[in-house]
Every structure is written in structure tokens, then in C-alpha cells.
1. Mind giving me the FRET efficiency for Arg82 and Ala58? R0 is 25 Å, r the Cβ-Cβ distance, nearest 0.05 is fine.
2. Give me the net charge of Arg82's neighbourhood, meaning all other residues with Cβ under 14 Å from the Cβ of Arg82; Lys, Arg count +1, Asp, Glu -1.
3. Rounded, prolate or oblate: pick one for region 51-99, where a ≥ b ≥ c are the square roots of the eigenvalues of its C-alpha gyration tensor, a/c under 1.5 means rounded, and failing that, prolate if a/b is larger than b/c, else oblate.
4. In what sequence do Glu32, Glu93, Glu72 fall when counting other Cβ within 10 Å, fewest first?
Amino acid sequence: MTGRILKDTDARAVETPRDRSMARGFESKDVEFQQAEAERREPARGPVSAEEGTREAARRTVELALFQARAELARTRSSVRRDALSRAVVDLETQLGVTPDSRR
């Protein structure tokens with residue numbers, strides 16, 4: 001407790017172990033459901049070769065860098081930094097094969 005004196009009439013004054021276990025049980029069931037749904041939605045993929053794995057990892061790295069550059073570009077106020085980030089975004093989009101028409 002935080003040193004506050006609680007009255008018997010305070011509804012929050014009494015927290016039983018039963019209350020905590022019910023909430024924790026509900027949360028764990030929800031987590032299990034979310035994990036099951038994620039597995040169900042994920043397309044089944046066969047084994048990946050080392051080359052394909054490397055290619056996918058590189059693509060994910062470029063996608064994350066592009067996401068970060070776009071986010072920073074939206075926040076940046078410096079015109080010099082905005083120019084540099086704009087060039088970086090174009091370069092990263094080129095690496096991913098994104099055309100101007102398919103940009104978000």
C-alpha cells in the first residue's frame with residue numbers, strides 16, 4: 001500500500017487473491033488466443049535455404065531503415081536534414097524496388 005488509510009467503505013480497499021488470479025487467467029487466455037490467431041493467419045512456409053534467408057533478412061533490414069527514415073523525415077524541422085532524409089528514402093525505395101506510384 002502507499003501509506004493511504006483506507007476505509008471499509010472504499011471499494012478498492014480490499015483486493016483478494018481471487019481477483020488477481022481471475023484477471024491473470026483472463027489475460028493469459030487472451031494471449032493464447034492471440035498467438036493461435038497469429039499462427040492461423042501465417043501462411044505455411046517450407047524450409048528456407050540459407051540464400052533465401054539472407055535475402056529476406058536484408059530486405060527486412062532495408063524495410064525497417066525505410067520506415068525509420070520516413071518517420072524521422074516527418075519529425076525533422078531542419079531543411080538540411082530533411083534533404084538528406086529525402087535522398088535516403090528514395091535510395092531505400094530503389095533498393096526495395098518501390099516505384100513512385102506504389103509509395104504509401
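FYI, it's all coordinate maths here, none of it is from the lab. This is a predicted model, so every value here is computed, not measured. In this analysis, Cβ positions are derived from the backbone assuming ideal geometry, glycine residues included, and neighbour counts consider all displayed protein chains.
1. Working: r = 27 Å, r/R0 = 1.07.
It comes out at approximately 0.40.
2. Net of charged neighbours comes to +3.
3. Details: a/c = 3.62, a/b = 2.37, b/c = 1.53.
Prolate.
4. Numbers: Glu32 10, Glu93 18, Glu72 15.
With the sparsest Cβ surroundings first, the list reads Glu32, Glu72, Glu93.
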